[in-house]
Structures are given as structure tokens and as C-alpha cells.
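The values are calculated or read from the model by the stated rules, or taken from the named source; none is laboratory data. The structure presented is a predicted model; accordingly, all values stated were derived computationally and were not measured. Cβ: placed from backbone, ideal geometry, glycine included. Neighbour counts: every protein chain shown. The accessibility values were calculated without ligands, DNA or RNA, using every heavy atom of the protein model including side chains. Shrake-Rupley method; radii C 1.70, N 1.55, O 1.52, S 1.80 Å.
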Amino acid sequence: MVNSVKCKDIIEAMEEIAPVRLAYSWDNPGLMCGNREAEVKKVLVSLDIDDNVITEAVEKGANMIVTHHPMIFRPIKSVTTEDKTGRYLMRLIKADISVFSAHTNLDMSNIGTNAELAEILGLKNVEFLMPSEDGIYAMGRVGELEEKMSVENFGAFVKEKLGLKNMVVSKAGDFVSKIGLCTGHGCDKEFLQAALSKGCDGYVSGDIGYHEAQEALAMGISLFDGTHYGTETIVTKPVAEYLKSRFRIEIIRSETDGQTLKII
């Protein structure tokens, strides 16, 4: 373990478990703002960045935030308070807080969102849904339930495990026994086809749309919408535990986590 920790040390540790080369071409993982040479006293691990998360970091004395969702996706031409990204950057720079993000590369990691969701759901004989070229990492997972469950009971099970207030289900059959999953927005046709080819009769993801549900129904796959937030906020736990195993500084999980959608 390391006692004196710099921002670059946290980055190197994160990139060991979530190599940048795994990120999709449209993605923007990496250091969002800050100084690689800055000493880090406390790290806040969060799904996202928003005003509440920044306030939490300031109040708790964290001078580095590690997020899943990148704060900056596209090039920006100005930094002002007139848009949220500019406002966040100005607050973070003023507070001397660095922000590092690992996104689709963390989704594919063996301690990432998909691996954690498969663990939470208790899937057995877990295999990769969409493997990387080297076969070491993957987007999505496939696994078997201990015993088959009715669609309704499995939906209630997912709802409970993810702490959701509701569960949207698209029912293609009465029971499910082999489950495919991909966290966040992971229900594109190619993912459903991969799940079908592996014999899945159930599929868990987030941001499930009407037309995606139609595709799944035609394939005979029941869908379970764990929401984008619900299927990805779970990653803060394994990331925090991993960083705690590497460094002798305080690593904490966000209590606000950047959630934006509420069920009322």
C-alpha cells in the first residue's frame, strides 16, 4: 500500500482494472480536470458529477472524485457559468478538486458495472455477453438462475436487489432461467441477439425503449428495466473497495451519487 498518494497514482490504479483501450470510440474517459501531480488526501467515488456531488466532496474534504460517467463528453469552446459543465468545472477548479472518470472501459472491467450486477443477481456459470478482442474483458454478462423463476417473481427480485421503487417488465414467456444483462443503456439489437444466441430467456438493462421491447418480444426474451441509474450506481462499491486495497488514504462512496430521475 502507498501512504503518499498523487492523482496520477489513482489514475494508474484505475487504468489497471479498466484499461483506456477498452473504451468505445465515442467515449471520453480519463482526467476531466485537475493536476496529475497533486497530492490526494481523500477520494469520493460517485456514479456522476453534479452540484450535489461537488458540494459533498467539498464538505467531506475530498480533493479527488472518481466517477463512472465522464463530466465532459464532447469538446467545449468556453468555460462559463452559463452551462452545467462550465459551472461544474469552475467550482471544481476553485476547490482544487481533481476528477477522473472510467466509463465504457469500466463497464467492461472484471470489477465493473456488469460484473457487479451479475454478482448482485446471484447468477451462476457466468460468461461474457460481448467479449473484447482478447477475450479478457466484456460488455455484458450471461448467467443462470439457481432455479427458474416466473417473470413476475424475477422482476420483483431485480427490483429488490437494486433498491428500485418500480420495475418495468416486458413479458415474452411465463418463466426465465438464463439471464443476459448489460448495464446502463445496453439493450440495442446486437446485444439482444448476442443474448439470444447464448440461450437467454430474460435480459436486464436500463433505458429500455418501446421498440427495443418489441425486438425482444419477437425473440422470445423477457426484459427487465433496472434503470440506467439502478444498474450502474452499484459500481461505486467495488471501485471504492479496490482503491481501499491499494492506498492508505480515505476512500468514500458518494451519498448523493448524481441521481437525476425520481419516481413520485
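One residue stands out among those in segment 193-205 that are in contact (Cβ under 8 Å) with a residue 12 or more places away in the chain and either of a type in the set (F, W, Y) or surrounded by fewer than 24 Cβ atoms within 10 Å (Cβ to Cβ) (or both): the one that is nearest to T260 (Cα to Cα), which is Y203.
Select from segment 88-109 the residues that are of a type outside the set (A, V, I, L, M) and either at pLDDT below 95 or within 22 Å of A38 (Cα to Cα) (or both) and list them in ascending order. Listed by number, the residues that qualify are Y88, R91, K94, D96, S98, F100, S101.
Only residues that are among the aliphatic types (A, V, I, L, M) and open to solvent by 70 Å² or more (accessible area, probe 1.4 Å): list them for segment 206-261, please. Correct list: L217, A218, L261.
Taking residues in segment 227-248 that are free of Cβ contacts under 8 Å to residues at least 60 places away in the same chain, and partners anywhere that are among the hydroxyl-bearing types (S, T, Y) and buried (at least 22 other Cβ atoms within 10 Å of the Cβ), the pairs with Cβ atoms closer than 9 Å and at least 6 places apart or on different chains are H228/T183; H228/S205.
Tally up the residues in segment 77-109 that are on the phi < 0 side of the Ramachandran plot and surrounded by fewer than 13 Cβ atoms within 10 Å (Cβ to Cβ), please. Break it down into steps so the answer makes sense when it comes.
Initially, segment 77-109 is screened for residues on the phi < 0 side of the Ramachandran plot, giving 77-95, 97-109.
Filter again for surrounded by fewer than 13 Cβ atoms within 10 Å (Cβ to Cβ), leaving 77-78, 80-84, 94.
Final tally of qualifying residues: 8.
Y137 meets each of the listed conditions (1) surrounded by 19 or more Cβ atoms within 10 Å (Cβ to Cβ); (2) farther than 23 Å from I234 by Cβ apart from (2).
All of (1) under 28 Å from S170 (Cα atoms); (2) out of contact with any strand residue (DSSP E or B) (no Cβ under 7 Å at 6 or more places or on another chain) hold for E255 with one exception: (1). In segment 21-53, the residue that is farthest from Q259 (Cα to Cα) out of those that are out of contact with any strand residue (DSSP E or B) (no Cβ under 7 Å at 6 or more places or on another chain) and among the aliphatic types (A, V, I, L, M) is L22.
A search for C-beta distances below 6 Å between a residue of segment 168-179 that is aliphatic (A, V, I, L, M) and any residue that is in a loop (DSSP other than H, G, I, E, B) and surrounded by fewer than 16 Cβ atoms within 10 Å (Cβ to Cβ), counting only pairs 6+ apart in sequence or on different chains, returns A172/G220.
Which of the residues spanning segment 75-119 are among the hydrophobic types (A, V, I, L, M, F, W, C) and farther than 28 Å from E241 by Cβ? Walk me through it before giving the result.
As a first pass, look at segment 75-119 and keep what is among the hydrophobic types (A, V, I, L, M, F, W, C): 76, 79, 89-90, 92-93, 95, 97, 99-100, 102, 106, 108, 111, 115, 117-118.
Matches in segment 75-119: I76, V79, L89, M90, I93.
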